[in-house]
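See below for the structure under consideration.
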Amino acid sequence: PMAATLQEILLAPDTRPNVITDCCMLIEQEIAEKSGVSGAAVKLAYKTVNTFRPGHIRHMVGNLLPQLVDKLEPYWADFSTSGGSEFGDYLAKRGGEVSQALLSVTDARAAASGRPTIIKAYRTVRGSAVKHVEAALPHVGDLVLKYAS
């Protein structure tokens, strides 16, 4: 049988809210683990957005999820036919490419934002974003598999 698409798996009405919650928790965990200068910048940007607009991160995750899933879809299709067991490993091996694909979604969203505070916060972390997203990919893969299995 044809493997289910990520859209079917992650965006089903009863599943989607849980996926959003998991994504927000994943973001929080990733940020909490950051250290050094770029880590401090990410923590500050996150805190700024949360203080300035409580609930904004969850709202954005909800808004962007369909587009992010769309970017992951070809990787998922390839992974599903490749017979691998760990989607996180699969994504990590293509880290740069997958990160750029996901960041194209947030870049477009930031460019369309009319909020200077949000745009500024995004710009301060965008330089190190690929590295941060790449580091998170194994967890992203785990998150997907949690719902796919």
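The values are calculated or read from the model by the stated rules, or taken from the named source; none is laboratory data. Every value quoted in this text rests on a predicted model; they were computed, and no experiment measured them. As a convention, Cβ positions derive from the backbone with ideal geometry for all residues, glycine included, and neighbour counts pool all protein chains shown. Just the protein is used for accessible areas: all its heavy atoms, side chains included, with ligands, DNA and RNA removed. Shrake-Rupley method; radii C 1.70, N 1.55, O 1.52, S 1.80 Å.
Report the residue, chosen from E73, E33, E134, that carries the largest GNM mean-square fluctuation when the chain is represented by alpha-carbon nodes joined by springs under 10 Å. Comparing E73, E33, E134 in a Gaussian network model of the chain, the most mobile one is E33. Here H139 sits with roughly 80 square angstrom of accessible surface, probe radius 1.4 Å. Each 5 Å bin from 0 upward holds the following percent of the Cα-Cα pairs of the range 1-104: 2, 11, 16, 21, 22, 14, 8, 4, 1, 0. Of R123, R115, the order by accessible heavy-atom surface (1.4 Å probe, DNA, RNA and ligands excluded), from most exposed downward, is R123, R115. Taking each DSSP H run with n ≥ 4 as -39500 (n - 2.57) and averaging over every residue of the chain yields -28500 deg cm²/dmol at 222 nm.
Taking the Cβ-Cβ separation of D70 and K146 as r and a Förster radius of 22 Å, what is the calculated FRET efficiency to the nearest 0.05? Rounded to the nearest 0.05, the efficiency is 0.65. Evaluating 6.51 cos²θ - 1.76 cosθ + 1.60 at θ = phi - 60° for every residue in the range 124-138, the Karplus couplings come out as 5, 9, 4, x, 9, 4, 4, 4, 5, 5, 4, 4, 8, 4, x Hz, glycine and proline recorded as x. Between A101, A32, A129, the GNM of the chain built on Cα springs shorter than 10 angstrom shows A32 fluctuating the most. Placing a pseudo-label 7 Å from each Cα along the Cα-to-Cβ vector at F52 and S38 gives an inter-label distance of 2.2 nm. With R₀ fixed at 22 Å, the C-beta to C-beta distance from R126 to K93 puts the FRET efficiency at about 0.40.
Comparing A92, A112, A136 in a Gaussian network model of the chain where C-alpha atoms under 10 Å apart are linked, the largest mean-square fluctuation is found at A112.
Against the criterion of solvent-accessible heavy-atom surface with a 1.4 angstrom probe, F79, F52 sort, most first, into F52, F79.
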